[in-house]
Amino acid sequence: MVILGVDPGTLVTGYGVIKHTANSTRVVECGVVKNGSTKSMPLRLKSIFAKLSEVIEKHHPDEFAIETSFYGKNAQSAMKLGHARGVSLLAAVNRDIPTSEYSPREVKKAVVGNGAASKEQVRFMVKTLLKMKSSPALFDSSDALAVALCHLNRISRAERRFKDWKSYIEAHPDKVVRRLRT
């Protein structure tokens, strides 16, 4: 399974592609889309869409995961972030890739075990979990890989769940207590 994780932003959008097999999970590619602050918003959005479309075309991800917006005090910043999220989601939806969204706290909790973890802690755990020789240069890249790992964790947990009681009992016959009839 190939997962594309995205940490959206209008100035810097991080992306990370991981490949998970039964034996391992590894980084396929990670990087950032950098936009200058003097570039107009439509051109920034175009470059984000173009790069993510290129990554999708190159790696054919099975799943797409993106970090949700963090709503701070500045409405203008939230709106700009929404634009970056929108074009990122559009790149995935145009290729019919299933998409999922995770809050920053959820991503940190999945990767570090602490929803209030620092960016340094996230980067360290991403490097460790993916057995990378060196850490990603920018936090945006490590955050995007963390989003992909969070999604992988969610999928893995969902696969371990059972559809009904019958399938659970078949998988765990030792947990069934039988009544004795007298």
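The values are calculated or read from the model by the stated rules, or taken from the named source; none is laboratory data. Bear in mind the structure is a predicted one, so any value in this text is a computation, not a measurement. For neighbour counting, all protein chains shown are included, and Cβ atoms are generated from backbone atoms with ideal geometry for every residue, glycine included.
Residues of segment 145-155 include none that is over 15 Å from ILE18 (Cα atoms) and either among the hydroxyl-bearing types (Ser, Thr, Tyr) or modelled with pLDDT under 95 (or both).
Inspection of segment 95-109 identifies no residue that is over 14 Å from the mean Cα position of the chain (by Cα) and not in a loop (DSSP other than H, G, I, E, B). The set of residues in segment 101-116 that are out of contact with any Cys (no Cβ under 9 Å at 6 or more places or on another chain) and under 21 Å from VAL12 (Cα atoms) comprises GLU101, SER103, PRO104, ARG105.
When ALA78, ALA65 are screened for being touching a helix residue (DSSP H, G or I) at 6+ places or on another chain (Cβ under 7 Å) and either assigned to a helix (DSSP H, G or I) or buried (at least 21 other Cβ atoms within 10 Å of the Cβ) (or both), only ALA65 passes. Of all residues in segment 81-132, those that are out of contact with any helix residue (DSSP H, G or I) (no Cβ under 9 Å at 6 or more places or on another chain) and within 24 Å of SER24 (Cβ to Cβ) total 2. Applying a threshold of 7 Å to beta carbon distances and a minimum spacing of six or more residues, or different chains, the list of pairs starting in segment 91-107 at a residue that is farther than 18 Å from LEU45 by Cβ and ending at one that is exposed (fewer than 14 other Cβ atoms within 10 Å of the Cβ) and aromatic (Phe, Trp, Tyr) reads PRO104/PHE70. Among the criteria (1) outside any loop (DSSP other than H, G, I, E, B); (2) touching a Ser or Thr at 6+ places or on another chain (Cβ under 8 Å), the one CYS150 does not fulfil is (2). Total residues in segment 1-39 satisfying the condition of being without any contact (Cβ under 8 Å) to a residue 60 or more places away in the chain, in contact with a Gly (Cβ under 9 Å, 6 or more places away or on another chain) and within 17 Å of SER88 (Cβ to Cβ): the figure is 4.
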